[in-house]
Amino acid sequence: MPDPMRRIDAVVDADTLPPPRVRQQLRLAGGLTQAEVAKAIGVQRVAVARWEAGLTQPHRNNRLKYAEFLRQLAEEHPAAVQEVPGED
């Protein structure tokens, strides 16, 4: 059985974000709205919506905050992390 922490590390590291679909899955697994995520990071809700849709990417400072936020969600909800690239 694969190590769940390895899967999480493969999805979210300090500077890389998971695919938009996984971002949304993690938020939903945590029972959070886009507005709640936005407030936690310090951005507007529309920014989170665009990130989850893959329309835009967060700038460096927000990307680091968002990546850490997603990492915490992934640790709490490892089942939400599916189809990790590079893992069979």
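Overview of values
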read-out	value
Karplus-derived 3J(HN,Hα), 6.51/-1.76/1.60, for each residue of region 51-56, Hz, glycine and proline x	5, 5, 7, x, 7, 9
Derived scalar couplings ³J(HN,Hα) [region 35-46; Karplus, 6.51 cos²θ - 1.76 cosθ + 1.60; whole Hz; x for Gly, Pro]	5, 5, 5, 4, 4, 5, 8, x, 10, 7, 4, 4
Packing-based ranking, highest mean first, of 22-29, 42-49, 59-66 given that Cβ atoms within 10 Å are counted	22-29, 42-49, 59-66
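Computed from the coordinates by the stated procedures, all read-outs in this text should not be read as laboratory data. In this text the structure is predicted, and so the values were computed from the model without any measurement. Cβ sites come from the backbone with ideal geometry, for glycine too, and all protein chains shown count toward neighbours.
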